[in-house]
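*Asks:* Structure incoming, see below.
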6 protein chains.
Amino acid sequence: MSKHIYVINPNSLIAVTAAIDQALAPLRFADGPQIHCVTLADGPAGIQTQRDVDAVVTPLCTQIARSERDAEERGGTAAAFVIACFSDPGLYSARESTDRPVLGIAECGVLTAMTLGQKFGVVSILQASIGRHWRYFASMGVTGRLAGDIAIGLSVAELADQQRTFARLCAVGEELRDRQGADVLVLGCAGMAAYRAALAEHLGMPVVDPTQAAVAMAMGQAALR
Amino acid sequence: MSKHIYVINPNSLIAVTAAIDQALAPLRFADGPQIHCVTLADGPAGIQTQRDVDAVVTPLCTQIARSERDAEERGGTAAAFVIACFSDPGLYSARESTDRPVLGIAECGVLTAMTLGQKFGVVSILQASIGRHWRYFASMGVTGRLAGDIAIGLSVAELADQQRTFARLCAVGEELRDRQGADVLVLGCAGMAAYRAALAEHLGMPVVDPTQAAVAMAMGQAALR
Amino acid sequence: MSKHIYVINPNSLIAVTAAIDQALAPLRFADGPQIHCVTLADGPAGIQTQRDVDAVVTPLCTQIARSERDAEERGGTAAAFVIACFSDPGLYSARESTDRPVLGIAECGVLTAMTLGQKFGVVSILQASIGRHWRYFASMGVTGRLAGDIAIGLSVAELADQQRTFARLCAVGEELRDRQGADVLVLGCAGMAAYRAALAEHLGMPVVDPTQAAVAMAMGQAALR
Amino acid sequence: MSKHIYVINPNSLIAVTAAIDQALAPLRFADGPQIHCVTLADGPAGIQTQRDVDAVVTPLCTQIARSERDAEERGGTAAAFVIACFSDPGLYSARESTDRPVLGIAECGVLTAMTLGQKFGVVSILQASIGRHWRYFASMGVTGRLAGDIAIGLSVAELADQQRTFARLCAVGEELRDRQGADVLVLGCAGMAAYRAALAEHLGMPVVDPTQAAVAMAMGQAALR
Amino acid sequence: MSKHIYVINPNSLIAVTAAIDQALAPLRFADGPQIHCVTLADGPAGIQTQRDVDAVVTPLCTQIARSERDAEERGGTAAAFVIACFSDPGLYSARESTDRPVLGIAECGVLTAMTLGQKFGVVSILQASIGRHWRYFASMGVTGRLAGDIAIGLSVAELADQQRTFARLCAVGEELRDRQGADVLVLGCAGMAAYRAALAEHLGMPVVDPTQAAVAMAMGQAALR
Amino acid sequence: MSKHIYVINPNSLIAVTAAIDQALAPLRFADGPQIHCVTLADGPAGIQTQRDVDAVVTPLCTQIARSERDAEERGGTAAAFVIACFSDPGLYSARESTDRPVLGIAECGVLTAMTLGQKFGVVSILQASIGRHWRYFASMGVTGRLAGDIAIGLSVAELADQQRTFARLCAVGEELRDRQGADVLVLGCAGMAAYRAALAEHLGMPVVDPTQAAVAMAMGQAALR
């Protein structure tokens, strides 16, 4: 019976889902679990505020149920879910909604970074998310490993300029490395995987794409069920 | 211009709202802020799961806006909001929705207990809430002060039996005091204020009703705006 | 029977007591607890060193007993005490001396700030106090929420220059906000309430006057006894 | 170019390596990284003391170099290493010895458990290991999530009796669940995977086999290089 | 110029001072610093409450000044001070009063225990001291190493019965070792040194006499000035 | 029967052992324990990497056994061991190897600093050691007291230039004091004692030589056996 992992992008931007899908190619194996990247039709254009985070919980849980049926229709089973937004929206509600493993990308990005360095830095998009991240890292019990969390502070329009985005990622990464003591970075967003390798090379330290990290952990949990 | 504090009971049980209202009598002063206890019409019968917590956020924010208008219609101003459920549902979304102070009863119950003892114990209703409480206390950064959190484990029907409920509160309080080192308790529910004084006397240590604690702190913040 | 809250200024400066008294006006209600601000006759001119802190304990406990009698003479009861010095001198001795609630302003200022932001900064007067504050915040178990503690470093004479004092408060507040990550401030002194609103407006973030915070919490505990 | 993951059993017991190899079957995919389980020829019969832990570092690093050559001889590349002993012996020396990811099973078992529950319990073999585990969890910064660590206390001979071993695992798991608050368990040994599913079913909560967890994380890191 | 270490017993019981003096014999060397055990004439009969702790600060600082003069009269210099009460009364005031090192026995007992085990247990005399100890260990930042703190709960009269006292020490030590995970104990009192060796032997783990620990550390600091 | 303390320099540099020996002169008393400084013949020229740390464990334990025999040949007993390298290599293996106390200089340097200030800074030699130090301080449970750890970053050749070395020590000490909040320093190396007094005077705050601190604590434990 085939196993299916559903990676749910809780915003409605199909381009983001496509970028996630592409980043997961190395984790697809011929006889491995099938990885499906799903856009949350009812999701907002972006998840920036706590209200966005909270508003997405109900459609997310609906999507999980829909994906479980999808897997059955494919003659298989939903083996794990990944919530592909760095705020891990609805993670605990989702875990109540299904008996399959549900993983958040922030959670898994941080835990994976903890195997790659002593102090992790987070490169966030928006300044307004940092307080939310801090609360979440505290609830995870990992603030002792946190070096810092800095926003690149670019608007959605500015993020379209890849050169400028990369320059900001480098600047923030250098600040985290040189002044805040980070020796590993986590990208604080589902859609930055394309910059990961270049950023790691530029900074000379590991950089974790949280969606890749979460899907890798999901594959382990899927395989072992 | 009159000041108004809105205490929002996020479940739909009018009896709970009435009990809260009664517990707040000592905090009402002739020329003090007016305290309004409001039942969330769209709320669930009880908030037991994380899904209940998350589902209540949107109606709660709607209620806050409605209460702001209510205060204006009374010729005054909404000066503070209290979310009267020990899961502090929607606390951070509510803070984004208004520029007035918003206080959660779990938060304020714990902070108030920290002025009354070294180690606080929590008497919860349901075993299923304890993991959620733990995450929340961790996100608040106060687990160093937590002695323990134990559920009385009574069903809604059983809670109607006041004698039995009080006996369970006493038993759990003794366990927290004698085996887990608590020297102050927090009632882990909005609707237990009627037991507070008797439980404190039985145990010989302070017991905090979180709604009273939160409204007291709200009065301070309301008065000083 | 009338309820009385005694706010004890442990230094002997009557002007400081008067400033505290004025700052508490919004917390006085016609039928609320009466708030009495008391100068400790035997207190030092200022509490700057640990020796000052320790020396004030015995007169403070004497004052508490005297205030209890004062309340009785007024035909009422002492319902709570507030120690109005940011070192919370004698807090635990005072709690042994009376069965009424005793609140420290540092304690309550910090706990109140924890409802207003993720990371609190403290604006202290003297560099020499910061180690003492740090030990105290650690004993409270709240260092995980502390952004930083910076002294304005003005002498008593310089503090008389209000413009200069405000400028230093702003400079220190900006440092705490911009480089140490504070999103809420606590004034680390009993006598700075007059600057609170202007400083909050200047910085665009909440600023807590600890004496107001403590008296608000005291009112709650007084009302509920 | 083929990718190879080497799982090094640092004790010399071939039976343990075989058990590990069998437990990893679900993580092998036709076009995935090849997983090789290697017995450390120079390793001790068991790793019980800190001296055993320290003594195994040099042969372990030698084995890593040998495995790198082995991968080249197979026309591929060593993509990640897993140290399959719950003391994570030589983890940091190994990371200095190679530029490939090196993962410890204790580390990954704990991090994976952190995605499955709030408080993890550890079922250890020997009482003497628990102090060492505690130091290690503290160095990882995760003691805030630790419920407890209890040894089953069976000798090597007794471990051969599977029924008795399973009974002890169940008893210790119940103690961790019911009295110490664990809601997820980690098996504190490389060779207990065969009990995992039955123990999880018996206890009604997730149980993590640390070697499976580490190899799953290694696959992610291998795939993404 | 001779070096002198003053060990100040802050209660007025000469018998306690004599017991301390005897316990320090192994730390006296022909050409080492001279160790003087001093009874605080103005001290209370026992230090049991926070008020006792605070009341002793001023006479303690006076005694320090007197001891400095004593050393000069002996043609030498006061090289270090030890406050021989497990509440470390006046430690920070004393450090302001002199530029010589001042060590507390609770502080040094705990720090020494941290070199002898992973988790220290404290055997206290009175239940009422435990909250105070907890605050102090938190202010020291060492609660992560604390296994537990249990009082033997004997009155002064009962303490005179050595057999009974030893039986209680053993019972409390066993509780700390077997149920709370302590692998090293600290005696929570200045006057229990005579039981140390027998208790360590009975329990099979190290037991630290805090006065010996503090004087040993004082000798180091004295020697190196 | 004479008591002997063995201070083992785990690198093979005789000049370092000689410098240690000289720094310990103030701790030698006519009738005190004899302090022997021993060079580990099989040790590396320097301990810079984790592999160096791990490689030295076996010869270190051999040396401990040899020193125990040495003490017996001198008609006495080995009373304590000190591992004189700031990475505390092999500390826990050594403790398994002997029933005498074994102390690490990093451990004792930090614990001693905790009696001299609120926040300790560490002046390290090499940047590469800082991650290792951090893990170790975390395993000790003392990161709440750590202000920062900065490397002077001089090569072995450059360290021969004493003027340059002292200038770097001063610069790093100022950074730790002025920007990271340290009020006491620990020298992060066994061989810097000669700079201690001058650095303390330059910075106006205590500076701990860790080897002196460890030997002082060892003397206490030796005396009391």
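*Asks:* Could you size up the charge dipole of the protein assembly as shown around its Cα centre, putting +1 on the beta carbon of Lys and Arg and -1 on that of Asp and Glu, and report it in debye to the nearest 20?
*Replies:* 0 debye
*Asks:* Once you put a point 7 Å from the Cα of B:Ile14 and another 7 Å from the Cα of E:Leu154, both along the Cβ direction, what distance in nm separates them?
*Replies:* 6.5 nm
*Asks:* While we're here: Taking each label point as 7 Å beyond Cα in the direction of the beta carbon, state the distances from E:Ala41 to the same residue in the other copies, shortest first, in nm.
*Replies:* Here E:Ala41 shows inter-copy label distances of 3.0, 6.2, 8.1, 8.1, 9.2 nm.
*Asks:* Next question, about the same structure. Any chance you could give the angle, 0 to 90 degrees and rounded to 10, that helix C:210-224 forms with the longest Cα principal axis of chain C?
*Replies:* 40 degrees
*Asks:* Of all the Cα-Cα pairs you can form in the range C:107-208, what percent are over 23 Å apart? Could you put the intermediate results ahead of the total?
*Replies:* Numbers: 884 of 5151 pairs.
When all Cα pairs of the range C:107-208 are counted, 17 percent exceed 23 Å.
*Asks:* Order A:41-53, E:8-20 from most to least packed using the mean count of other Cβ atoms within 10 Å.
*Replies:* Put in order of decreasing packing, that is E:8-20, A:41-53.
*Asks:* Taking 22 Å as R0, compute the FRET efficiency from the Cβ-Cβ separation of D:Gln163 and E:Asp178 and round it to 0.05. All intermediate terms of the calculation are to be shown ahead of the outcome.
*Replies:* Details: r = 28 Å, r/R0 = 1.26.
E between D:Gln163 and E:Asp178, to the nearest 0.05, is 0.20.
*Asks:* Run the reach check for D:Lys3 against aspartates and glutamates, Cα to Cα strictly under 13 Å, same-chain hits fewer than 8 apart removed. What comes back?
*Replies:* Counting by Cα, and skipping residues close in sequence, D:Lys3 has these aspartates and glutamates nearby: D:Asp31, D:Glu68, D:Asp70, D:Glu72, D:Glu73.
*Asks:* For B:Ala147, list long-range residues whose amide hydrogen, built 1.01 Å from N in the peptide plane, is under 5 Å from its own amide hydrogen.
*Replies:* Counting only residues 5 or more places away or on other chains, the set is B:Phe120, B:Gly121.
*Asks:* Accessible area per residue for the protein assembly as shown in Å², computed with a 1.4 Å probe and the full protein assembly in place, what is it? Before the final figure, lay out the partial values.
*Replies:* Working: 47380 Å² over 1350 residues.
Accessible surface, normalised per residue, equals 35 Å².
*Asks:* Determine the total buried accessible area between chain B and chain A, counting protein heavy atoms only with a 1.4 Å probe; round to the nearest 100 Å².
*Replies:* For chain B against chain A, roughly 1500 Å² becomes buried.
*Asks:* Another question, if that's okay. Give me the aspartates and glutamates in straight-line cross-link reach of A:Lys119: C-alpha distance below 13 Å, same-chain residues under 8 apart excluded.
*Replies:* Cα-Cα hits under 13 Å: A:Asp149, A:Asp178, A:Asp183.
*Asks:* Pop out the ³J(HN,Hα) list for the range B:40-47 in order, Karplus 6.51 cos²θ - 1.76 cosθ + 1.60 with θ = phi - 60°, rounded to Hz; leave Gly and Pro as x.
*Replies:* Listing the rounded values in order: 7, 4, 8, x, x, 5, x, 10 Hz.
*Asks:* Roll a 1.4 angstrom probe over the protein heavy atoms and tell me the percent of accessible area of the protein assembly as shown that is carbon or sulfur. The partial results should precede the final answer.
*Replies:* Values: 24160 of 47380 Å².
About 51 percent, which is the carbon plus sulfur part of the accessible surface.
*Asks:* How much solvent-accessible surface does A:His202 expose, in Å² to the nearest 10, with a 1.4 Å probe and all protein chains in place?
*Replies:* 90 Å²
*Asks:* Mind checking the angle between helix A:130-140 and chain A's longest principal axis? C-alpha axes, 0 to 90 degrees, to the nearest 10.
*Replies:* The helix A:130-140 is inclined about 60 degrees to chain A.
*Asks:* Let me ask something else about it. May I ask you to order D:148-155, F:81-88 by the average number of other C-beta atoms within 10 Å around their residues, highest value first?
*Replies:* Result, highest mean first: F:81-88, D:148-155.
*Asks:* Ok, one more. With the contact rule set at Cα under 8 Å and sequence spacing of 6 or more, what percent relative contact order holds for the range E:107-209?
*Replies:* Answer for the range E:107-209 is 36 percent.
*Asks:* I'd like the mean, over residues of A:25-32, of how many other protein chain beta carbons sit within 10 Å of each residue's own Cβ. Don't skip to the end; give the middle numbers.
*Replies:* Numbers: counts 1, 7, 5, 4, 8, 4, 5, 7.
Average neighbour count from other chains, rounded to a whole number: 5.
*Asks:* Still on this structure, please answer the following. Given a cut-off of under 8 Å on Cα pairs at least six residues apart, what relative contact order in percent is computed for the range C:46-150?
*Replies:* 24 percent
*Asks:* Would you mind giving the mean number of other chain beta-carbons within 10 Å of the Cβ of each residue in E:109-115, as a whole number?
*Replies:* Mean number of neighbouring Cβ atoms from other chains: 6.
*Asks:* May I ask for log10 I(q)/I(0) of the protein assembly as shown at q = 0.08 Å⁻¹, from a Debye sum over the Cα atoms as equal point scatterers with solvent left out?
*Replies:* After summing over all Cα pairs, the log10 values are -1.01.
*Asks:* In nm, one decimal, shortest first: how far is the label point of C:Val156 (7 Å from Cα along Cα to beta carbon) from the matching points in the other copies?
*Replies:* 4.0, 6.0, 6.0, 6.4, 7.5
*Asks:* Which residue in E is nearest the E/C rotation axis when you measure from the C-beta atom, and what is the distance in Å?
*Replies:* So the chain E residue sitting closest to the axis is E:Ser139, 2.
*Asks:* While we're on this one: Defining a contact as two alpha carbons under 8 Å apart and six or more residues distant in sequence, what relative contact order in percent does chain F show?
*Replies:* 24 percent
*Asks:* In square nanometres, what is the average projected area of the Cα convex hull of chain E?
*Replies:* Result: 11.5 nm².
*Asks:* Give the long-range amide H neighbours of D:Val38: residues separated by 5 or more places, or on another chain, with amide H under 5 Å away, using H modelled in the peptide plane at 1.01 Å from N.
*Replies:* Close amide H contacts, sequence-distant or interchain: D:Val7, D:Ile8, D:Asn9.
*Asks:* What FRET efficiency would be calculated for the residue pair E:Ala45, C:Met1, taking the C-beta separation as r and a Förster radius of 41 Å, to the nearest 0.05?
*Replies:* So, using R0 = 41 Å, E works out to roughly 0.60.
*Asks:* Between helix B:162-178 and chain B, what is the angle of the helix's C-alpha long axis to the longest principal axis, kept within 0 to 90° and rounded to the nearest 10?
*Replies:* 70 degrees
*Asks:* Skipping prolines and chain starts, which residues have an amide H placed within reach, meaning under 5 Å, of the one on F:Ala182, given they are 5 or more residues away or on another chain?
*Replies:* Amide H neighbours of F:Ala182, under 5 Å, 5+ apart: F:Arg177.
*Asks:* Defining the label point at 7 Å along Cα→Cβ, can you sort the distances from F:Asp70 to the same site in each other copy, shortest first, in nm?
*Replies:* 4.0, 4.2, 7.1, 7.1, 8.2
*Asks:* So, taking all protein chains as they sit and a 1.4 Å probe, how much accessible area belongs to E:Thr143, in Å² rounded to tens?
*Replies:* Spelled out: E:Thr143, probe radius 1.4 Å, area about 60 Å².
*Asks:* Next question. For F:Glu72, F:Glu107, E:Glu174, give me the order by solvent-accessible area with a 1.4 Å probe, most accessible first, ignoring ligands, DNA and RNA.
*Replies:* F:Glu72, E:Glu174, F:Glu107
*Asks:* So, one more: Averaged over E:139-148, how many beta carbons belonging to a partner chain fall within 10 Å of each residue's beta carbon?
*Replies:* Counting Cβ atoms of other protein chains within 10 Å of each residue's Cβ and averaging gives 6.
The values are calculated or read from the model by the stated rules, or taken from the named source; none is laboratory data. All figures in this text were calculated on a predicted structure; none of them were measured in a lab. Quick reminder, even Gly has a Cβ in these numbers, built from the backbone with ideal geometry, and neighbours come from all protein chains shown. Heavy atoms of the whole protein, side chains included, go into the accessibility calculation; ligands, DNA and RNA do not. Shrake-Rupley method; radii C 1.70, N 1.55, O 1.52, S 1.80 Å.
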